[in-house]
Amino acid sequence: MPEKNDLDDATAPYSGPRAVDPGEPEPRLEDDPDYVTRTRFLSLIALAGGVAMTAAIVVPVVGFAVAPTLEPEPPRWVDVGPLKDFPDGETTSIAVAGPATESDRRVFIRRRDDELIPIWNRCAHLGCPVAYSPGGDVFACPCHGGAYNSRGLVTAGPPARPLDRLDYKIVTPDGKDVALGDAKDEDRLLIGVAYSIDEDEQSFTLRGPGESVTGVLRNLYPSPGA
């Protein structure tokens, strides 16, 4: 027979160390605000991507909608130098200073094939300055990948229309107008107001960045003229 004291110890509740205390459940990682599960991480990535895409579409549209109507430029002519400064067969970059700060701009003078085209370096997408590549004889926008050929016509990217152009005329030293084919090296090149073109190089009243000159999209943005 076991002694009484031994029986008491055998039936007494266990009070030694335990591997897990049943009164304190283990904390769940999902309840930790700093713990990110794979599902939550992918959801955050998808949400951030959706916000970025929405902003990329909505912000330009809202900006153009609330921006003041583009006012036509006043007629003016700026003498940019003698014709010899713009060699035939080349595209020359110049800075044009107009009568007002907003009319200051960089212009590429494309002279070849018995034709002279002053091209504004403002990208037709959101207005970033485009760069000219002599090697490829093309224009490219570093902001959003807009690409144009040597005449400023869109070849790739998001621009809604070709690069804008500027009126020009050539005058003799005594102020008489002269055609390009009859002009001499000492005759002067004058740059006028800017205007927009379509893909067929038809001229339109100057539009703002991102605005199409033809099609349905041109009705989304305020602009004077046709």
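The values are calculated or read from the model by the stated rules, or taken from the named source; none is laboratory data. Just so it is clear, the structure is predicted and the values come from calculations on it, not from any experiment. Here the Cβ positions follow ideal geometry from the backbone for every residue, glycine too, while neighbour counts run over all protein chains shown.
Some observations on this one:
- Taking the listed residues LEU126, LEU163, the one that is within 16 Å of the chain's Cα centre (by Cα), within 19 Å of GLY208 (Cβ to Cβ) and either at pLDDT 95 or above or not in a loop (DSSP other than H, G, I, E, B) (or both) is LEU163, with no other qualifying.
- Checking the stated criteria, ASP198 turns out to be among the acidic types (Asp, Glu), in contact (Cβ under 8 Å) with a residue 12 or more places away in the chain and farther than 23 Å from LYS84 by Cα.
- Residue selected from the range 191-207 under the condition crowded, with 19+ Cβ neighbours inside 10 Å and assigned to a loop (DSSP other than H, G, I, E, B), by the criterion nearest to the chain's Cα centre (by Cα): ARG207
- Condition check for ALA226: at pLDDT 95 or above and either exposed (fewer than 13 other Cβ atoms within 10 Å of the Cβ) or more than 19 Å from ILE109 (Cα to Cα) (or both): no
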